[in-house]
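K.L.:
After the structure tokens below, expect a handful of questions from me.
Every number here is computed from the coordinates shown, using simple stated rules; none is lab data. If you're wondering where the values come from, they're calculated on a predicted model, not measured in any experiment. Positions of Cβ are backbone-derived with ideal geometry, glycine not excepted, and every protein chain shown enters the neighbour counts.
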């Protein structure tokens, strides 16, 4: 487990992202991976930096939604 995830409890491992509980359940941490899922099947290869791209896209929309109220 990565250092930044120590103390986090895995709640759900999905096909392309994992959800952890952090700080005593006060927050959820989404960890985006480079795993690929097509038509509900996991593909054995990965796409480099895919997780980073998905994370940045989600962060953009979370910030936008927060500003909207």
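K.L.:
By count of other Cβ within 10 Å, fewest leading, how are 21, 46, 66 ordered?
P.N.:
By the 10 Å Cβ count, ascending: 66, 46, 21.
K.L.:
Starting from the Cα gyration tensor of region 3-68, take the square roots of the eigenvalues, sort them a ≥ b ≥ c, and report rounded, prolate or oblate (rounded when a/c is under 1.5, otherwise prolate if a/b is larger than b/c, else oblate).
P.N.:
Verdict is oblate for region 3-68.
K.L.:
Sum -39500 (n - 2.57) across every DSSP H segment of at least 4 residues in the chain, then divide by the residue count to get the 222 nm mean residue ellipticity, nearest 500.
P.N.:
-9500 deg cm²/dmol
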